[in-house]
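Data block below; observations after.
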Amino acid sequence: ATLLSHYPVLLHNTAASPSLSSCFANMTASKLSRRFQPALSVGTIVLLCMAVILVVFQIISSSHFQSFYIVANTAFALSWGASVGEHEHEYEHGLPSYHPSTNTGFLNRHPMCQRLSLHNHQDENNHLFNNNTSRILNAANLWMDHWDDILQATLFPNKEASLDASVKAEFRDLLLDLDPSRLERALLTKPRKEHTQRIWDILEERRKHPNTAPPLRVLVLGGSVTEGVGCRQSDNVQQRACNWSVRLESFINKFLGYNAVHIINIAQGGTGTAQALSIVKYWMYPSQLQGYAPDVIIHAFGSNDSHLGMTPPTELERVTALHEQGVQRLNDFMQTVQSSHACPTPIVVHLDDYFGGHQQGSLIGDFTFRMVLKEVAGWYHNMAVSSAQVVGELVYPNTLEETSFSPKWRLRKGEYNEDVHFGYKGHVAIMWSFVYSALETMVDFCNLEDLQRRTELKHEQYAESRNGTTNIMSSVHELLPVNPPPLDYELRLDTVSNLWKEEKWRQEQHCKTVSKSPPCVMAWVAGPEGRTSDINSLSRYLKPFLTSKDGWEYERDMSHGWSRKLGIVAKNTNATLQFEFHSTTLPTKTLTVQSLKSYGEKWERSEALITITKRSPSENTTTTNGELGWSQVMQQRISGIHNSTSSITYTTELEFPVAVEVGSDIRVVVELVGGSTFKITGMMLCSR
């Protein structure tokens, strides 16, 4: 934004030709900050120069270089003023000094920006500034200005913590360690401006109308780390009451002074992105959302998505397999969100909380998912936050003894213990990483919105000098959809443009055809916050469909580890489970099964055979007594064991060769055909 104040000088020093002037006019700072590819090849040179300058301004705008900024600003003004020469007449009062934080000029009119800017401009306690100089509005300044408030809002959830001097001192020291110089590493990718504005609009409406406007609804999907396993602050604050999502909701609402956010965490240990797909695709949202889609979905499967069910022989093959798996899972998730029956579709935010757990042979293997996450999140313009990057330097120098942010990686028989679960300080670090990253996106939104209006004026100012040339970016803006096509291994440079246009058309049609009708005949996932959160609720839900469960039992015994999580389990050989659905009201196309894969003698040769049959009114098959006969739709075998010392939920989607017509009866039989046990943790019979 400061660069735009010196626009004529930059233009003069960049190029004298009208074509390059036109190119520069289209390369606004908002695009440069996202590293956009310039429209003209010569623009690459401009991009590199501007990137260097942006890095310099990023440094001098940090809270640690405020005094340097004053000197540097004067130096830049003098040097550029000398170089502009004959262009001095373009300035009425010399080189302008633009500060986004002032409450004059083209300041963003959003109420949240106004309040942020007013606070920043009226900081009278900072001795580096006087009435003629305004501070740069950035996250570091806001963080340090509200340091005491941040500390107080962090003292959750133990109400006595605010009265306990030792607890407060512990959090104070933690906040000193994780200062802005560390927290600024958290933001991997920035969200779209439209996403930020949508969130701010919801928060502002809630602030103005607390009794009628709903809070910002946030759904958290994740595994055992996000669930809170290993998190313990006190006897009353542990596991789910201790995790980062509970702390984040409390922090935001306490800090803003009203119930602005409602965060619902349905994370469950041993699950990954594949299981989250079913929740979004089949609208299996928890009852707390009251039939609405969430405004924001936080995807937090860093640890489990960094895990391979098989073990390739070499490290390079493992890294390659992890990369391919990560790209596929994240793209599948994004495409599922974008096609879900909600309009507008939920905003996706990604969390990377994984800095290694001895699951792979090398750190580069452990980091693979983070690299993929940054690629895919950047492609979709989703916000991605990495608490692992914030605390990494505090963990790696002493992995055996550091336990504030990392698991207790004790040595067992000369080897480190494989673990990904850390204590409550790690969850506090995640919460602060989210808050600081949100501050950064808020500041960007305020500054770039202002910048857009200033850029429009520049376009008008130089319109006549274009001599009829076309605005380079105008045609591009017409093609930009809300979301791009999938970033997968099939996407190529010679196909991306057509796919981009097709995706734009598809998204335009999405809101016209979106249906709020449930897409499934049956849909359940055994989980802590879902419709089947315990044995009784699971039994009640399945009762209308379950016709036989010979040798199968409901189970939930977490005292014996993740393999005993909630579900329905085969207890003996040839155990048979049978469901029947009569006169279906939907054209049924898929059966999705979520099942556990574990290890050890108990799970040896574990395998289930799933058989799907139907009887349809349009078919003439009858039995000897005149009743309609059953015809097979398909069969599928699913294994219950994998080559890993972990208990992980896997998703298997069975797509029918032909959709079963409306009004048909469907029978699903699950038979244990190998081993002595098999466990089902979710099942969906759906129209898509």
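So if R0 is 60 Å, what FRET efficiency would Ala169 and Ser618 give, r being the distance between their Cβ atoms, rounded to the nearest 0.05?
According to the calculation, E is roughly 0.20.
Which value in nm describes the separation of the simple spin-label points at Val673 and Asn211, placed 7 Å from the Cα toward the beta carbon?
Going by the 7 Å Cα→Cβ label model, 6.3 nm.
Ignoring any ligand, DNA or RNA, what whole percent of the accessible area of region 164-242 comes from carbon and sulfur when the probe is 1.4 angstrom?
Percent of accessible area from carbon and sulfur atoms in region 164-242: 45.
Long-range amide H contacts for Tyr282: which residues qualify at under 5 Å (H placed 1.01 Å from N, peptide plane, sequence gap of 5 or more or a different chain)?
none
If you stretched the chain out fully between Leu176 and Thr611, how much longer would it get, using 0.36 nm times the residue separation minus the C-alpha to C-alpha distance?
Full extension from Leu176 to Thr611 adds 150.7 nm.
Quickly work out the Glu324-to-Gln239 label distance, labels modelled 7 Å from Cα along the C-beta direction, and quote it in nm with one decimal.
Distance between the two pseudo-spin positions: 3.9 nm.
Which of the GluC sites (Glu not before Pro) across region 652-685 are loop residues per DSSP, with 15 or fewer other Cβ within 10 Å?
Counting only loop positions with at most 15 other Cβ atoms within 10 Å, the GluC sites (Glu not before Pro) in region 652-685 are Glu661.
For Asn265, what residues show an amide H to amide H distance below 5 Å, using hydrogens built from the backbone and excluding near sequence neighbours?
Val220
Assuming 0.36 nm per residue, please report the length gained on full extension of the stretch Glu315 to Arg540 beyond their Cα-Cα distance.
76.3 nm
Mind giving me the FRET efficiency for Arg232 and Tyr599? R0 is 22 Å, r the Cβ-Cβ distance, nearest 0.05 is fine.
The pair Arg232/Tyr599 has a calculated efficiency of 0.25.
Provide the FRET efficiency to the nearest 0.05 for the Lys571-Ser287 pair, computing r from the beta carbons and using R0 = 45 Å.
0.90
The values are calculated or read from the model by the stated rules, or taken from the named source; none is laboratory data. Quick caveat: nothing in here was measured; it's all calculated off a predicted structure. Cβ sites come from the backbone with ideal geometry, for glycine too, and all protein chains shown count toward neighbours. We work out accessible area using only protein heavy atoms, side chains counted, and drop any ligands, DNA or RNA first. Shrake-Rupley method; radii C 1.70, N 1.55, O 1.52, S 1.80 Å.
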